[in-house]
Amino acid sequence: MKEFFTKLISQAKEFFGKLLTKMKAFFIKLKDKTVLFFKNLPQNLKKLGISIVTRIRDWFLRYYNYFKNGDIGVKLSYIFMGSGAFAHKQIVKGIAYLGIELLFIFYMIFNGAGAIRGFFTLGTDFPYSITDVNTGNRIPIDGDNSMLFLLYGVVAIMVIAAFIVVYFMNIRSAYETYEDSVVGKQPQTFRQDLKQLFDKKFYIVLLSLALIGVIVFTVLPLIFMILIAFTSFDRQHSATTGFDWVGFKNFGQLVGTTGLASTFFPVLGWTLVWALCATFLNYFLGVALALLINKKDIKGQKVWRTFFVLTIAIPQFVSLLLMRNLLGEYGPIMNLIVNAGGERVNVFGDTNLARLVVILVNLWVGIPYSMLITSGILMNIPADLYESARIDGAGKLTMFRKITLPYILFVTGPYLITQFIGNINNFNVIYLLTGGGPFGVYSEAAGGTSLLVTWLYSVTNDLQNYKLASCLGILTFVVCSVVSLITYRHSSASKNEEDFQ
Amino acid sequence: MNTEVKNKKASMKRRKTISKATAYTILSILSVLWILPLLWMVIQSFAGPEGSYQNGKIFPDSFSFHWYIQLFTTSNYWRWYLNTLLIAVVCLFLSTFFTIAMAYVMSRFRFKSRKKLQSIAMILGMFPGFMSMAAIYHIFSSVNLAGGQATTAGLIFALILVYSGSAGLNYYVSKGFFDTVSKSLDEAARIDGATNAQIFVKIILPLSKPIIVYTALMSFLGPWGDFIFSNYLLGTNEKAWTVAVGLYNMLSNANIAAQYNMFMAGAVLIAVPITILFLCLQRYFVEGITGGAVKG
């Protein structure tokens, strides 16, 4: 008995020792990669710049040659869109192009030009009210709305960009039809074009359906919000009192020595610590739990698994609000402690305690996820791997260390990266548990457990400080993209896309 | 000799029993930790009319259906429930279509801006999802789908658009699945004269049940769990609230004392059907995630 335990302990020691060295190596590698990333950054940026310049040059050359070599249809299509199509009797196509050009011109005259001007001024005459001399009532006078000016400006820019794309499409298509006619090929009829949309160019149909929503509900609002980071849009400078362009001033406030730096950097630090803890603890404990449940001699594996899966199935805001009450100052757990003679404390009232609690609750929420995923992987490990290992005389422990563990780590590697990014943006757990509190430590509605994203939310929702919210969003993006650039760059998964097909 | 073997066998057996017992003990303790909070929620929802908020006790004094009845007579709960169901069902169809379409295109077609689109999708995914919340709110209020001028139906319509509009960006997992469907199927069909549209509808889609179920499940569950967008967009129009917003407000400082057990009842009523749904489709969930993970 004793000897069994000493053996067990030594094995465990060895296992965790190895795990520790591996993790250490991982973090050292991560550090090296980070250093390398920043060291190579100027060089890579330079490369990027050069490639952009050559691309633009090639592009100009191409359209210059189209003009030089094309027939009259091609040449005319630089001014009247669709001329190339008309020249080859593609009437519907020609009308479509010409119609787009006319619509665009009308739009620019009646709306677009003004919108572009408004985009730069962001409004000059704002609404106010005057007192009626006879009745003494206040009469509102309409005026500009900076927010709408910015919005319509962005829309106008997007319309212009879309028009430019269509314009060059028109030239290219004119030139291609001309080239075809030179070698004696019949130009495509409208019906053939339509048919192609369901065959060779079917992707255009599917993509445009899927991307309209993305452009309207993600790209447009995102560009709008990013631009707000460079304005003075907040409660004092609202849409109707007018805000203006301020350049990089807001970012300076966040990271400079004055202003909000004393709030921003602690929040950023806690965000990273939180993401590390939430990702790796959840992952390793989840894997451990999965291994435990999937042990061969455990009966009722499905039932055990279901117990844990319940927390995934229940919508997060329910389970998290539940936890908040359960752990709250007057919740049953505190009552138990008080009944046992302990002191009543508010666990969400102290920064360190609250941080510990959110990490623990996140384990309760997150372990089942990684357990479920690891269970799925465990069942998928090819049985012949174990078979051949058994033939080679490998013991259970060796098989676990040489087959099971590497397999799990290999398959879930990319999942870990996405989890890390997801945890940087993990709004629900923090906001629904603590709301970002305890407050009072930092300024501008940031609290002891605030992540960048929950801070962003509070700043938008409670303070209407849109410019700050926008800066925070951009900085969160920067953090996420640096993390994934460092980790993705050298992972093979992104390179060998075609290998699986 | 014989006894030695016997001893060894006995010790092996003992070892196995011990390790088994340890495993069962750990599992039991953990299960209790995981189940108890949920059990407590159910118990609290059946509390007597006196309620149990901050009464210093662990379990309610008496039990009744009082709070369930209250939930349906004094709050707009059934309305929130129907709102959420409506939104979830519409999103199920729209989002699933957008996601599957995008994934299929990215997996099967090779065109000039494909890589560029993929990088853009990745970049967009790295911005905090609700950073654009304020912008979306202002965009919608400029067409009266949000803000003071909006009708209840308008608000719900706006939420549907927000939830499903950008679904195309979550194509990655489904693309991983389509990548595993052999391309020789497409080629065979093309030789028989099928167009790409026909191949997609008649060959690929029927083969993709697991990933379609996974995507549909995720699209359906999204609106039930979302709190951020709904809270921000719906504002104070109680009739347009979703379950998440309604329940969250029951716990606001002003309401919590009176509606604490009502919250528990409302939470049970959404947790039960969703849990059942999830458990039934659990297989697809695991397949979806691990399938995507294998592909990276």
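All of the numbers you see were taken from the coordinates with simple rules; none came from a lab. From a predicted model like this one, the values you see are computed outputs, not experimental measurements. In this analysis, Cβ positions are derived from the backbone assuming ideal geometry, glycine residues included, and neighbour counts consider all displayed protein chains.
Under a Cβ-only charge scheme (Lys and Arg +1, Asp and Glu -1), can you give me the dipole magnitude of the protein assembly as shown about the Cα centre, in debye to the nearest 20?
Dipole size: approximately 3420 debye.
Can you find, among A:Ile95, A:Ile215, A:Phe198, the residue sitting farthest towards the positive end of the charge dipole of segment A:79-216, where Lys and Arg contribute +1 and Asp and Glu -1 at Cβ?
A:Phe198
Starting from the Cα of B:Lys112, draw a straight line to each of the lysines and keep only those under 19 Å, dropping any in the same chain fewer than 8 residues away.
Leaving aside lysines fewer than 8 places away in the same chain, those within reach of B:Lys112 are A:Lys200, A:Lys201, A:Lys495, B:Lys175.
Provide the net charge surrounding B:Thr152, with neighbours chosen by a C-beta distance below 15 Å and charges set as Lys +1, Arg +1, Asp -1, Glu -1.
The answer is +1.
List the relative contact order of chain B as a percent without decimals, with contacts defined as Cα pairs under 8 Å and 6+ residues apart.
Relative contact order for chain B comes out at 29 percent.
Can you tell which of A:Val479, B:Ser230, B:Ile69 lies farthest toward the positive end of the dipole of the protein assembly as shown, using +1 and -1 charges on the Cβ of basic and acidic side chains (Lys, Arg; Asp, Glu)?
So the residue we want is A:Val479.
When the helices in chain B are scored as -39500 (n - 2.57) per DSSP H run of 4 or longer and the sum is shared across all residues, what 222 nm value do you end up with, to the nearest 500 deg cm²/dmol? Walk me through the intermediate numbers first.
Numbers: 13 runs with 211 residues, N = 296.
After summing the helix terms and dividing by the residues of chain B, the value is -23500 deg cm²/dmol.
Search the structure for amide H atoms under 5 Å from the amide H of A:Ile298, placed 1.01 Å from N in the peptide plane, and list their residues when 5 or more places away or on another chain.
Amide H neighbours of A:Ile298: none.
Please state the shape class of segment A:261-493: rounded when a/c is under 1.5, otherwise prolate if a/b exceeds b/c and oblate if not, all from the C-alpha gyration tensor. Intermediate results must be reported in sequence, preceding the final value.
On the way: a/c = 2.83, a/b = 1.50, b/c = 1.88.
Cα axes put segment A:261-493 in the oblate bin.
Counting only Cα atoms, I'd like the Rg/Rh figure for segment A:4-133, Kirkwood definition for Rh.
Numbers: Rg = 32.5 Å, Rh = 23.0 Å.
In segment A:4-133, Rg relative to Rh is 1.42.
Given A:Lys29/A:Lys295; A:Lys39/A:Lys467; A:Lys13/B:Lys20, which pairs have Cα atoms separated by over 30 Å?
A:Lys29/A:Lys295; A:Lys39/A:Lys467
Amide H to amide H under 5 Å from B:Ala47: which residues, 5+ apart in sequence or cross-chain, H placed 1.01 Å off N in plane?
The list, which skips near neighbours in sequence, is B:Ser64.
Taking B:Lys57 as the anchor, which aspartates and glutamates have their alpha carbon closer than 19 Å to its alpha carbon, excluding any fewer than eight residues away along the same chain?
Excluding near neighbours in sequence, the set is A:Glu329, A:Glu343.
Over the whole of B:133-145, what's the average partner chain Cβ count within 10 Å per residue? Rounded to a whole number, please.
That average works out to 6.
Which whole number gives the average count of other chain Cβ atoms within 10 Å of the Cβ atoms across peptide A:37-50?
So the per-residue partner count for this stretch is 0.
Please list B:150-160, B:129-139 highest first by mean number of surrounding beta-carbon atoms within 10 Å per residue.
Taking the mean over residues of other Cβ atoms within 10 Å, the ranking is B:129-139, B:150-160.
Taking only C-alpha pairs under 8 Å that are 6+ residues apart, what is the relative contact order of segment A:33-139 in percent?
Over segment A:33-139, the number comes to 10 percent.
Just from its helices, what would the mean residue ellipticity at 222 nm be for chain A, if runs of 4 or more DSSP H residues each count -39500 (n - 2.57) and the sum is divided by every residue, rounded to the nearest 500 deg cm²/dmol?
Taken over chain A, the calculation gives -23000 deg cm²/dmol.
Could you tell me whether chain B comes out rounded, prolate or oblate from its Cα gyration tensor? Rule is a ≥ b ≥ c as square roots of the eigenvalues, rounded for a/c under 1.5, then prolate if a/b exceeds b/c, otherwise oblate.
In terms of gyration-tensor shape, oblate.
In debye, nearest 20, what is the charge dipole magnitude of segment A:66-247 about its Cα centre with +1 on Lys and Arg Cβ and -1 on Asp and Glu Cβ, if you could check?
Around 740 debye, computed over segment A:66-247.
Any chance you could check the Cα centroid distance between segment A:148-213 and segment A:395-441 for me, in angstrom?
If we compute the Cα centre of each part, the gap is 43 Å.
Stokes-Einstein diffusion coefficient for segment B:27-140 at 20 °C in a medium of 1.002 mPa s, Rh from the Kirkwood formula over Cα pairs: what value in µm²/s? Walk me through the intermediate numbers first.
Numbers: Rh = 19.8 Å.
The diffusion coefficient I find is 108 µm²/s.
Could you tell me whether the protein assembly as shown comes out rounded, prolate or oblate from its Cα gyration tensor? Rule is a ≥ b ≥ c as square roots of the eigenvalues, rounded for a/c under 1.5, then prolate if a/b exceeds b/c, otherwise oblate.
oblate
Pairs A:Lys33/B:Lys115; A:Lys47/B:Lys116; A:Lys18/B:Lys8: which are spaced more than 22 Å apart, C-alpha to C-alpha? Let's see the in-between values first.
Numbers: A:Lys33/B:Lys115 25 Å; A:Lys47/B:Lys116 18 Å; A:Lys18/B:Lys8 30 Å.
Violating the 22 Å limit, Cα to Cα: A:Lys33/B:Lys115; A:Lys18/B:Lys8.
Which residues' amide hydrogens lie under 5 Å from the amide hydrogen of A:Tyr128, considering only partners 5 or more residues apart or on another chain, with H built in the peptide plane?
A:Ile141
Run down the aspartates and glutamates and flag those whose C-alpha is under 16 Å from the C-alpha of A:Lys93, throwing out any fewer than 8 positions away in its chain.
Cross-link targets: A:Glu101, A:Glu176, A:Asp193.
Return the ratio Rg/(2.2 N^0.38 Å) for segment A:376-452, where Rg is computed over Cα atoms only.
That ratio works out to 1.88.
Once whole DSSP H runs in chain B are found, which of them have Cα atoms spread over 30 Å or more along the helix axis and a mean Kyte-Doolittle score of at least 0.0?
Qualifying helices, which must be both long enough and hydrophobic enough, are B:2-45, B:77-108, B:256-280.
Just report the Cα centroid separation between segment A:304-337 and segment B:1-28, whole Å.
Centre-to-centre (Cα) distance: 37 Å.
Rounded to whole Hz and in sequence order, give me ³J(HN,Hα) for segment A:139-154 from the Karplus expression 6.51 cos²θ - 1.76 cosθ + 1.60, θ = phi - 60°, writing x for Gly and Pro.
For segment A:139-154, the Karplus curve yields 10, x, 10, 5, x, 6, 10, 4, 4, 5, 4, 5, 4, 5, x, 4 Hz.
For segment A:261-493, what does the relative contact order come out to in percent, with C-alpha contacts under 8 Å and a separation of six or more?
It comes to 26 percent, rounded to a whole number.
Can you give the FRET efficiency to the nearest 0.05 for A:Phe280 and A:Thr21, using r as the Cβ-Cβ distance and R₀ = 22 Å?
The computed FRET efficiency comes out at 0.90.
How well do other chains shield peptide B:231-239, expressed as the mean number of their Cβ atoms within 10 Å of each residue Cβ?
So the per-residue partner count for this stretch is 1.
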